[in-house]
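Asker: The structure that follows is given in the form of structure tokens.
Just so it is clear, none of the values below were taken in a lab; they were calculated from the coordinates. No experiment lies behind these values; they were computed from the predicted model shown. Cβ atoms come from the backbone with ideal geometry, glycine included; neighbour counts cover every protein chain shown.
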Amino acid sequence: MNAETSAAGMRHPLTGRLWVDQVVRREEFEQAHPEVTITLTREDWTWHGVISADGRETEVTANDLCILLDKLEVLVEADEEASS
């Protein structure tokens, strides 16, 4: 890593703002949460996330991978807090 990158992402070359690769974010999320399945429906380009836990499934959808991951993080965190 150098001054242009960090564990959270890297600087966008034009804007200088922190930018996170959502594909990398997805891969890291799936590794950390094997109970979650993320797919893309190509007919309407909708992202789907399914959380399978305690014999039930919760489905979340979004048109953008970033938004889907944001939603999934909130739900998984809430489930983890309720379990502890």
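Asker: Does E43 count as out of contact with any strand residue (DSSP E or B) (no Cβ under 9 Å at 6 or more places or on another chain) and part of a loop (DSSP other than H, G, I, E, B)?
Answerer: Numbers: out of contact with any strand residue (DSSP E or B) (no Cβ under 9 Å at 6 or more places or on another chain): yes; part of a loop (DSSP other than H, G, I, E, B): yes.
Taking the combined requirement at face value, the residue satisfies it.
Asker: Are any of the residues in segment 43-51 of a type in the set (F, W, Y) and over 12 Å from the mean Cα position of the chain (by Cα)? Walk me through it before giving the result.
Answerer: The initial filter retains those residues of segment 43-51 that are of a type in the set (F, W, Y), namely 45, 47.
Filter again for over 12 Å from the mean Cα position of the chain (by Cα), leaving 45.
Taking every residue of segment 43-51 in turn, at least one turns out to be of a type in the set (F, W, Y) and over 12 Å from the mean Cα position of the chain (by Cα).
Asker: Got a number for residues in segment 50-77 being without any contact (Cβ under 8 Å) to a residue 40 or more places away in the chain, farther than 17 Å from L40 by Cα and in a helix (DSSP H, G or I)?
Answerer: Here is the first cut: in segment 50-77, the residues without any contact (Cβ under 8 Å) to a residue 40 or more places away in the chain are 50-64, 67-68, 70-71, 74-75, 77.
Still in the list and also farther than 17 Å from L40 by Cα: 52-57, 74-75, 77.
Checking the rest, the ones that are also in a helix (DSSP H, G or I) come to 74-75, 77.
Residues that pass the stated criteria total 3.
Asker: Next question. Suppose we filter segment 18-36 for residues that are part of a loop (DSSP other than H, G, I, E, B), more than 14 Å from D79 (Cβ to Cβ) and charged (D, E, K, R); how many remain?
Answerer: Just the residues of segment 18-36 that are part of a loop (DSSP other than H, G, I, E, B), to begin with: 20-21, 33-35.
Among the residues that remain, those that are also more than 14 Å from D79 (Cβ to Cβ) are: 20-21.
Next, only the ones that are charged (D, E, K, R) stay: 21.
The number of residues fulfilling the criteria is 1.
Asker: Could you tell me whether segment 27-50 includes any residue that is loosely packed, with under 11 Cβ neighbours inside 10 Å and either of a type in the set (F, W, Y) or on the phi > 0 side of the Ramachandran plot (or both)?
Answerer: yes
Asker: Suppose we keep only residues that are touching a helix residue (DSSP H, G or I) at 6+ places or on another chain (Cβ under 8 Å) and of a type in the set (D, E, K, R) within segment 15-26. Which one would you say is surrounded by the most Cβ atoms within 10 Å (Cβ to Cβ)?
Answerer: Among those that are touching a helix residue (DSSP H, G or I) at 6+ places or on another chain (Cβ under 8 Å) and of a type in the set (D, E, K, R), it is R26.
Asker: Against the definition (over 18 Å from A82 (Cβ atoms), among the small types (G, A, S) and either touching an Asp or Glu at 6+ places or on another chain (Cβ under 9 Å) or surrounded by 14 or more Cβ atoms within 10 Å (Cβ to Cβ) (or both)), how does A53 come out, yes or no? Let's see the steps before the verdict.
Answerer: Numbers: over 18 Å from A82 (Cβ atoms): no; among the small types (G, A, S): yes; either touching an Asp or Glu at 6+ places or on another chain (Cβ under 9 Å) or surrounded by 14 or more Cβ atoms within 10 Å (Cβ to Cβ) (or both): yes.
The answer is no for A53.
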